[in-house]
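The values are calculated or read from the model by the stated rules, or taken from the named source; none is laboratory data. Everything numeric in this text was worked out from a predicted model, so none of it was measured. Because the Cβ atoms are built from the backbone with ideal geometry, glycine has one as well, and the counts that use them run over all protein chains shown. Each accessible area value is taken on the protein alone, full model and side chains, heavy atoms only, with ligands, DNA and RNA left out. Shrake-Rupley method; radii C 1.70, N 1.55, O 1.52, S 1.80 Å.
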Amino acid sequence: MRAVKLLWVAPITLFGALLATMIRVSGGRFERQGTAWEASGGCARRVLWLINPWMQIEAITLGHVILARDATTASRMRSHEQVHVRQYERWGVLFPAAYLIASAAAALRGECPYRGNVFEREAFALDGRVNSGQNVRRD
Ligand SMILES: [Zn+2]
């Protein structure tokens with residue numbers, strides 16, 4: 001079952017690993033955390049900006065790879081991002097599309113596309129920081 005969870009999301013994990021390698025080569029950190037790999041520091045801020053220049057992303061999960069702007073942020077966001085790792089394992093390569101649809105559905109309900117997204121609600125609820133009021137995006 002573990003192999004299925006890994007393979008089901010492997011294309012996205014490989015993309016995340018490519019970005020994590022760039023972070024590591026630029027002097028950042030790249031280490032295993034639970035069921036995922038975590039990269040931070042180095043050029044991570046620039047990589048996160050390239051992923052979405054319109055939002056200030058602190059951390060993002062890409063399959064079994066978590067990218068965070070720095071080690072402190074990675075540590076603070078770890079439980080939240082680990083929820084997204086489990087969501088990727090459930091949804092596989094369909095997760096990015098499902099995430100976007102969930103954001104669109106939230107917007108159609110008149111809610112914030114980020115805070116109203118069911119995947120983010122689950123992550124905030126399970127990481128113990130339900131709607132903490134921070135206005136930065138944590139994918
Ligand atoms: Zn999130």
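Remarks
- Residues that are over 15 Å from Phe15 (Cβ atoms) and in contact with an Asp or Glu (Cβ under 8 Å, 6 or more places away or on another chain), drawn from the range 46-63: Ile57, Ala59
- Any hit, the range 49-62, residues being under 19 Å from Asp127 (Cβ atoms), at pLDDT 95 or above, more than 13 Å from the ligand (Cβ to nearest atom) and surrounded by 19 or more Cβ atoms within 10 Å (Cβ to Cβ): no
- The conditions of being in contact with a Pro (Cβ under 9 Å, 6 or more places away or on another chain), farther than 23 Å from Pro11 by Cα and open to solvent by 20 Å² or more (accessible area, probe 1.4 Å) are met by Ala107.
- Within the range 63-85, tally of residues that are within 14 Å of the ligand (Cβ to nearest atom), touching a strand residue (DSSP E or B) at 6+ places or on another chain (Cβ under 9 Å) and polar (S, T, N, Q): 2
- Note on the range 35-54: residues that are in a loop (DSSP other than H, G, I, E, B) and polar (S, T, N, Q) amount to 2.
- Among residues of the range 63-102, those that are open to solvent by 20 Å² or more (accessible area, probe 1.4 Å) and polar (S, T, N, Q), counted: 4
- Yes/no for Gly92 being away from the ligand (no atom under 13 Å from the Cβ) and within 27 Å of Ala3 (Cα to Cα): yes
- The set of residues in the range 96-106 being within 12 Å of the ligand (Cβ to nearest atom) and either in contact with a helix residue (DSSP H, G or I) (Cβ under 8 Å, 6 or more places away or on another chain) or in contact (Cβ under 8 Å) with a residue 40 or more places away in the chain (or both) consists of Tyr99, Ala102.
- Picking from residues in the range 107-119 that are in a helix (DSSP H, G or I) and in contact with a helix residue (DSSP H, G or I) (Cβ under 8 Å, 6 or more places away or on another chain), the one that is farthest from the ligand (Cβ to nearest atom) is Val118.
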